[in-house]
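Engineer: Below are the C-alpha cells for one structure; questions will follow.
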Amino acid sequence: MLEDEYQIDFFSDNGFIRKQCPKCGKYFWTRDQDRSTCGDAPCDPYSFIGNPVFKKKMELAEMREFYLKFFEEQDHTRIDRYPVIARWRDDIYLTIASIADFQPFVTSGQVPPPANPLTISQPCIRLSDLDAVGRSGRHLTTFEMMAHHAFNNSKKEIYWKDHTLELCDGLLDSLGADPMAVTYKEEPWAGGGNAGPCVETLIGGLEVATLVFMDLKQDKTGDINIKGDQYSKMDNYIVDTGYGLERFVWASKGSPTIYDAIFPSIVNELMGLAGIEHELENEEYTNILSQNARLAGLMDVSEKANLFELRKQVASSIGTTVEKLSSIMEPVESVYAITDHTRCLTFMLGDGGIPSNVKAGYLARLVIRRTLRMMKDLGINVPISEIVRMHIDTLPEYPEFQENFDVIEDILAHEERKFADTLDRGRRMMEKSARHYKKSGENIPLETIIDMYDSQGIPPEISKSVAAEVGVEVDLPDNFYSLVADKHSKSEEKEEKVIPFADRIAKLPKTKRLFYDEPNRMEFEGVVLDIFEKHIVLDNTLFYPEGGGQPADHGTLTVEDVVLNVVDTQIYNGVVVHTIDDIEDELHIRKGDLVVGRVDEERRMAHARHHTATHIINDAARDVLGSHIWQAGAQKFRDRARLDLSHYKRITQEELDQIELIANRTVMENKRVLSDWMDRTEAEQKYGFRLYQGGVPPGKMIRVMQVGNDIEACAGTHCTNTGLVGPIKILKTERIQDGVERLEYAAGEAAIKAMQDLESLVRDSSETLRVSAEQLPSTIGRFFDEWKDLKKENTKLKEDLAHARVSQLITDAETINDIRVIAKTVPHADSDELTKTAGELTQENDVVAVLISELDGVKIVAAAGDEAVKNGVNVGLIVKEMSTIVGGGGGGRPNMARGGGTDPSNMTGALDRGIELLKEQLE
RNA sequence: GGGCUUGUAGAUCAGUUGGAAGAUCGUCGCCUUUGCAAGGCGAAGGCCCUGGGUUCGAAUCCCAGCAAGUCCA
C-alpha cells in the first residue's frame, strides 16, 4: 500500500508525526514526540488494566448510547441493528461486522444506504478464535461493533479520511482519553473481495477501533497488489469503521479481563455455581488475573505451546508453579468462556437460529456442545437455558429475546438431551472398542479416536478418559483437530451461472414487466427488441421469468400468422428473455416487429395458486409452531409445491393437521392479496427482516406482498384473493436436514387431484380386501397378525415334517468305517426343511447326512456329526463339488454346508459324487 | 453443499470369509421366600427399515429410497 494513502491532513494539522515501530516495523502516527513503539500488542503491553484510559466507568448500554449519540450529534443517522444470522447473505452465515449489513447491494452501489452517513451498533459473532475465548482475557465470540459509515461515489462524497479521523479522535477526546496516549497505526486491509488503506486506533496497548477506507475491489487486471492479489479502484468508496463496544467498556473500567468488565454479575453467579469464589476483591487473585491478561495480550493463546509459555511466564512472575497456576486459571477461564458462549447463544437463538447439523445451525450446535462440556467439567448442574436467561435479563435493550425465551428454552433442552444421548452412545461404543484393544494388548490407534469424533461426535478427551477407565492408553496429538480437517480437505468447484449473449443483453433496456399490475391478463402486444438464436427480447411482457422458486411461464408469441411456442422465460439483469422451441429455417420475425403474446393460463394459474399457498402455509406454520419459523427454501410446480421451514423438531401429525386447517381457513376468508412496490429501507423499517423469507432481492425498490397476515418481499405472481387459491392439501413432510422440515402440498385443482389419488389408493385397497374403507385398518391388522401366525405355524410344521422323516431316513443309513451315512433325495423339500432334517439327523455324533431335493432348481444340504468330523468328514467340500455338477455353487463349514444349482437333470449324478467323496474322506 | 457412521426382540446391542437369527435387561408363567429384594426353571416376543440387484443361497455384498446420528466448509 502506498505511503501517500496515509498522508492525511488531519495528522499534519494536529501535530502528529509519522514513526516506524522498531519492534514490528509498521508505521504509525502519534502526537507524542518521545514515543517509539506503535502502541499495539505485542510491541506495547496493556497499560490500561487497573488504570482506565477513559474518565468514566461505563456499562455496555451507557457506552453504546454515548457512542451513537456522539455520532448523531455529528449529523449521522442512527439505524437499528441487523440480526446476527445473516439471512440476506449467501456467502456468510453470521453477521461478522457492521459492514456486512450493507453487503453486497449497498457497497456495490446497486442499492442506496438506509441513511448516509449512518451510525449503528451491530452485534456480531465470530467463532474463528473459539479456543482463545476465556483464556486470552480479550477474545469474545459475540461483540457489538459500533460503527459510523459513509458511502461515497464519484458523484457525491459525504466524507473520507480526514473527517473520519477527526470523528474518531473527537470521540476519544469526549470520553476523556489522553490525546498523547492515542496512536494510529497504518495497516492495509483486505477482505471479502475488497481492500483499502486502514488505520488502527490504539490506546493503552489496546486496539479499540479500526478505520477502513474501502476503495479497492479485487480485479485480476488491476494495478495495485495487496497480499498477493491484484486490485483496482472502485467508483464507490466507503468509510467502514469498527469500534469494539466491549473493548471501550473494558478500557473504561480497567478490569483484569474483558469478561469482568462486560458481564461481571453472570461471571460471579457462575463462579458460585462452580464452587469457585471469584475473589475480585482479593488482591493476590486479581494480580494473577491481571498479569495473565497483560501477558496473554502479547500472544496467540489458541496455540497450545503458547498457552504453556504464558503459564510459565505468569507462574514465574508471581512465584508459583505452572501446575498450581493452571489449577487456578483453568476453571476461571472456563467460567469466562461459558459466560461468553451463552451470550453468543442468546443472540443466535434469539434471532431465530436453529441448531442443526449443517450451515449456521451447526455453528449454534458447536457452541452449545462446547458450553455443555465446560459446564460438566466445572460441575455446573443447571440447564444451559438458565444461563441464557441471565443474559436476557441483563439485556433489556433486546426485548425480542425475552419474547422468544420459551422457544429458546425448549431448543436448548432439546439440544441438551441430544448431546447427552450422543455421549452415552459414544461412551458405550468407545468402551467396547477399548476392551477389544485391551484384549489384544494393543494401544488404540489414533484412527479409531478420529473416527469416534468424526462420525459419532465423541470428543477425543472423552474417548481418552473412557479408554483409561478400561485400562488402555491413548496418545492424543496436539494437532488432533487439524488431522480431522485433513480428512475432509478437498477442492470445491462452484458453478457460475452463464448468461447467454451477455454482451447483447447488456445493451438492451430493462423489460417492462406487465404481470405485476395485471396479474389476470394473459394476452399482450410487444415490440421485438432483439433476437438471437431461439431467444427473443421484447419491450414489455406478461411472461413471468423463473425466479423465487416459481417456474417460468410458457405460452405463445404470434407474428402475423406465425405462432411460436415459448418454452422458457428467464431474466438477466432486468432483461426478460423468451426462449422458443424449434424455429423454421427462415424466421419470420425481426427487430421492430409487433408480436402478440399469450401466456399459458392454466400453467400460470397453477403456479400462482401454489405461490400464494406457500405464503399462506408459511404463515400458518408460524402460527402453529412458533415465531422461529423461517423459510429455508421453496419451489413451486404445476402439480404441487414445497416449502422448507426451520424448526428444531419433527412436525407432528397433529401440528400438520392444524397447519392445513388454518391455511384453508385463510383461503375461505377470501382475503385480498395486496402488493406494493416500496422503498427498501422504508419496508425494512416497517416490517423488519421477516420480509426476507425467500432471500433478499436486489434493487432500491422491493415488492411487498401481503397474503393474510404474512408479509414478504416477493417478486412472484399471485392470486388476487386468497379464495382463488382453492383447497390446500398437505401431502407429506420430510426432514431434509436436522432443523429443516420440508412440507409438500398442493393447491387448487392440483389439491383436488392429489386427494382423488389418495382416495383411489384407499378404494383400491379396500376393493382388494373386499372390505369398506372404514374397516381397512382393522382388516390389515388382522391379516398381518394372521400372516405372522401362519409363518410361525409353517416353521413348526417343517420341523415336525423333518422330525417325521428322520426316523425313516435313519433306518436307511449305510455304515462306512463306523460312520452312518445317509445320502438321499427328499422330494419337494425346500432348503429350510433339508436343513432342519439334516440338523436333526446329526444330533447323533456318528451320522453324516447328504440331502438333495428338486425345488426351484436343486437344493443340497449336508451336515455331519462331531464324531464324523473328527474322522475327517468335511461336508463343505462335498457340497461345493456336488453343486457344480448341478450348475450352481455352494459351501459351508465341515459340519454344515448348503448349496444348489439350476439343473435338476443331474441330481443323481451329484448325489453319487457326494457319496464317493464321503467315502474318500472316511478312508 | 460435501464426507463419514448406523437401522436386527419392548429397550440396549452381538451376529466372523454370504451358509441353522443370538445375548443382556425388561415382560409373562411356575418354583423358592412370612413378605420384599434376589435367585432357580421355563415361555412368549423378529416383514433382520423399505424396494430393487448379484447368488444355489443375503441380516451380511451392490444400487436406490426412507429414517437416525455425526463431522467439516
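The values are calculated or read from the model by the stated rules, or taken from the named source; none is laboratory data. For clarity, every value in this text was computed on a predicted model and none was experimentally measured. Counting neighbours? That spans all protein chains shown, and the Cβs are built from the backbone with ideal geometry, glycine included. The area values use the complete protein model at the heavy-atom level, side chains included, leaving out ligands, DNA and RNA. Shrake-Rupley method; radii C 1.70, N 1.55, O 1.52, S 1.80 Å.
Engineer: Which whole-angstrom value gives the distance between the alpha carbon centres of region A:537-565 and region A:379-448?
Structural biologist: 54 Å
Engineer: Follow-up question, since we're still on this one. Find which of A:GLN218, A:PHE524, A:GLY901 sits farthest along the positive direction of the dipole of chain A, computed with +1 on the beta-carbon of Lys and Arg, -1 on that of Asp and Glu, about the Cα centre.
Structural biologist: The residue sitting farthest along the positive end of the dipole is A:GLY901.
Engineer: Going highest first, how would you order A:433-443, A:137-147 by mean Cβ packing within 10 Å?
Structural biologist: Working: A:433-443: 13.8, A:137-147: 25.0.
Descending packing order for the listed peptides: A:137-147, A:433-443.
Engineer: In Å³ and rounded to a whole number, note down the convex hull volume per residue for the Cα atoms of region A:502-599.
Structural biologist: Working: hull volume 9.1 nm³, N = 98.
Dividing the Cα hull volume of region A:502-599 by its residues yields 93 Å³.
Engineer: Considering Cα pairs under 8 angstrom that are at least six residues apart, work out the relative contact order of chain A and quote it in whole percent.
Structural biologist: On the way: 1678 pairs, mean separation 63.4, N = 923.
Across chain A, relative contact order equals 7 percent.
Engineer: Could you please report the charge total around A:ARG913, scoring K, R as +1 and D, E as -1 over all other residues with beta-carbon less than 15 angstrom from its beta-carbon? Don't jump to the answer; show the numbers that get you there.
Structural biologist: Details: positive: A:LYS824, A:LYS880, A:LYS919; negative: A:GLU881, A:ASP903, A:ASP912, A:GLU916, A:GLU920.
With Lys, Arg at +1 and Asp, Glu at -1, the neighbours total -2.
Engineer: Picking from A:GLN706, A:TRP677, A:HIS647, whose Cα lies most toward the positive end of the charge dipole for region A:604-760 (charges on Cβ: Lys, Arg +1; Asp, Glu -1)?
Structural biologist: A:TRP677
Engineer: My understanding is that a pair violates if its Cα-Cα distance is over 23 Å; which of A:LYS636/A:LYS686; A:LYS156/A:LYS233; A:LYS796/A:LYS859; A:LYS233/A:LYS510; A:LYS732/A:LYS791 do that in this structure? Write out the running numbers ahead of the final one.
Structural biologist: Working: A:LYS636/A:LYS686 28 Å; A:LYS156/A:LYS233 16 Å; A:LYS796/A:LYS859 21 Å; A:LYS233/A:LYS510 28 Å; A:LYS732/A:LYS791 34 Å.
Over 23 Å Cα-Cα: A:LYS636/A:LYS686; A:LYS233/A:LYS510; A:LYS732/A:LYS791.
Engineer: If a/c stays under 1.5 just call it rounded; otherwise compare a/b with b/c (prolate if a/b is bigger, oblate if not). Do that for region A:1-43, with a ≥ b ≥ c from the square roots of the Cα gyration tensor eigenvalues. Walk me through the numbers before you get to the answer.
Structural biologist: On the way: a/c = 2.64, a/b = 1.34, b/c = 1.98.
It comes out oblate by the Cα gyration axes.
Engineer: Here is a follow-up. Calculate one ³J(HN,Hα) per residue across region A:667-680 by plugging θ = phi - 60° into the Karplus curve 6.51 cos²θ - 1.76 cosθ + 1.60, and present them in order as whole Hz with x for glycine and proline.
Structural biologist: Once θ is set to phi - 60°, the couplings for region A:667-680 become 4, 5, 5, 6, 6, 5, 8, 9, 9, 7, 7, 10, 4, 3 Hz.
Engineer: Using modelled amide H (1.01 Å from N, peptide plane; none on Pro or chain starts), what sits under 5 Å from the amide H of A:VAL740, excluding residues fewer than 5 places away?
Structural biologist: The answer is A:HIS647.
Engineer: Let me ask another. Order the peptides A:700-710, A:415-425, A:244-254, A:831-841 from the highest to the lowest mean number of other Cβ atoms within 10 Å of their residues. Present the calculation step by step, with values, prior to reporting the outcome.
Structural biologist: Details: A:700-710: 18.9, A:415-425: 14.8, A:244-254: 23.9, A:831-841: 21.4.
Taking the mean over residues of other Cβ atoms within 10 Å, the ranking is A:244-254, A:831-841, A:700-710, A:415-425.
Engineer: Further question on the same structure: Taking only protein heavy atoms into account and a 1.4 Å probe, give the accessible area per residue of chain A in Å².
Structural biologist: Details: 43410 Å² over 923 residues.
I get 47 Å² per residue for this part.
Engineer: A:LEU743: net charge of surrounding residues, Cβ under 9 Å, Lys/Arg +1, Asp/Glu -1, itself excluded?
Structural biologist: Values: positive: A:ARG642, A:LYS732, A:ARG742; negative: A:ASP644, A:GLU734, A:GLU741, A:GLU744.
Taking every Cβ under 9 Å from that of A:LEU743, the sum is -1.
Engineer: Relative contact order (percent) for region A:604-760, with alpha-carbon contacts under 8 angstrom and 6 or more residues of separation?
Structural biologist: Details: 303 pairs, mean separation 48.8, N = 157.
That works out to 31 percent.
Engineer: Can you bin chain A into rounded, prolate or oblate? Criterion: square roots of the alpha carbon gyration tensor eigenvalues sorted a ≥ b ≥ c, rounded for a/c under 1.5, prolate for a/b above b/c, oblate for the rest.
Structural biologist: On the way: a/c = 2.40, a/b = 1.39, b/c = 1.73.
Oblate is the answer for chain A, as a/c is 1.5 or above yet b/c matches or exceeds a/b.
Engineer: Which far-off residues, 5 or more places away or on another chain, put their amide H under 5 Å from the one on A:CYS719, with H placed in the peptide plane?
Structural biologist: A:THR612
Engineer: Okay, moving on. If one computes the Cα centroid of region A:76-142 and of region A:713-765, what distance in Å separates the two points?
Structural biologist: Taking the Cα centre of each part, region A:76-142 and region A:713-765 sit 38 Å apart.
Engineer: Can you give the charge dipole size of region A:604-760 about its Cα centre, rounded to the nearest 20 debye, using +1 on the beta carbon of Lys and Arg and -1 on the beta carbon of Asp and Glu? All intermediate terms of the calculation are to be shown ahead of the outcome.
Structural biologist: Details: 22 positive and 22 negative charges, 85 e Å.
Its charge dipole is roughly 400 debye.
Engineer: Further question: Have a look at A:GLY726, A:VAL624, A:HIS149 and report the one farthest towards the positive end of the charge dipole of chain A, computed about the Cα centre with Cβ charges (Lys/Arg +1, Asp/Glu -1).
Structural biologist: A:VAL624
Engineer: Could you state how much accessible area A:ILE780 has, in square angstrom rounded to the nearest 10, with a 1.4 Å probe and all protein chains kept in place?
Structural biologist: 90 Å²
Engineer: Need one number: % antiparallel among DSSP beta bridges in chain A, to the nearest 5.
Structural biologist: Details: 131 of 141 bridges.
Rounded to the nearest five, the antiparallel share is 95 percent.
Engineer: Given an 8 Å cut-off on Cα distances and at least 6 residues of separation, report the relative contact order of region A:672-712 as a percent. Intermediate values should be presented prior to the final figure.
Structural biologist: Numbers: 46 pairs, mean separation 23.3, N = 41.
Here the relative contact order equals 57 percent.
Engineer: Under the √(5λ) rule applied to the eigenvalues of the Cα gyration tensor, what semi-axes describe the equivalent ellipsoid of region A:604-760? Give them in Å, descending. Kindly include the intermediate steps, with their values, before the conclusion.
Structural biologist: Values: eigenvalues 120, 69, 35 Å².
Over the Cα atoms of region A:604-760, the ellipsoid semi-axes are 24, 19, 13 Å.
Engineer: Let me make sure I get this right: for region A:415-485, a, b and c are the square roots of the gyration tensor eigenvalues over alpha carbons, sorted descending. Under 1.5 in a/c it's rounded, otherwise prolate if a/b > b/c, else oblate. Which is it?
Structural biologist: Oblate shape, in that a/c is at least 1.5 and b/c is the bigger or equal ratio.
Engineer: Rounded to the nearest Å, what's the spacing between the alpha carbon centres of region A:1-37 and region A:840-900? Just the number, please.
Structural biologist: Each part's Cα centre sits 94 Å from the other's.
Engineer: As a test of the formula, what do you get for chain A when each DSSP H run with n ≥ 4 contributes -39,500 (n - 2.57) and the sum is divided by the residue count, at 222 nm and rounded to the nearest 500 deg cm²/dmol?
Structural biologist: Numbers: 27 runs with 375 residues, N = 923.
After summing the helix terms and dividing by residue count, I get -13000 deg cm²/dmol.
Engineer: Evaluate the charge dipole of chain A about its Cα centre and quote only its size in Debye, nearest 20, assuming +1 on the Cβ of each Lys and Arg and -1 on the Cβ of each Asp and Glu. Display every interim value, and only then the final one.
Structural biologist: Working: 107 positive and 154 negative charges, 105 e Å.
Computed about the Cα centre, the dipole is about 500 debye.
Engineer: For chain A, which whole percent of the accessible surface, found with a 1.4 angstrom probe, sits on carbon and sulfur atoms?
Structural biologist: Numbers: 20650 of 43410 Å².
That share works out to 48 percent.
Engineer: Now for a separate question. Cβ neighbours within 10 Å, averaged per peptide: list A:152-163, A:19-30 in order, most packed at the top. Could you put the intermediate results ahead of the total?
Structural biologist: On the way: A:152-163: 13.8, A:19-30: 16.8.
The packing order, highest mean first, is A:19-30, A:152-163.
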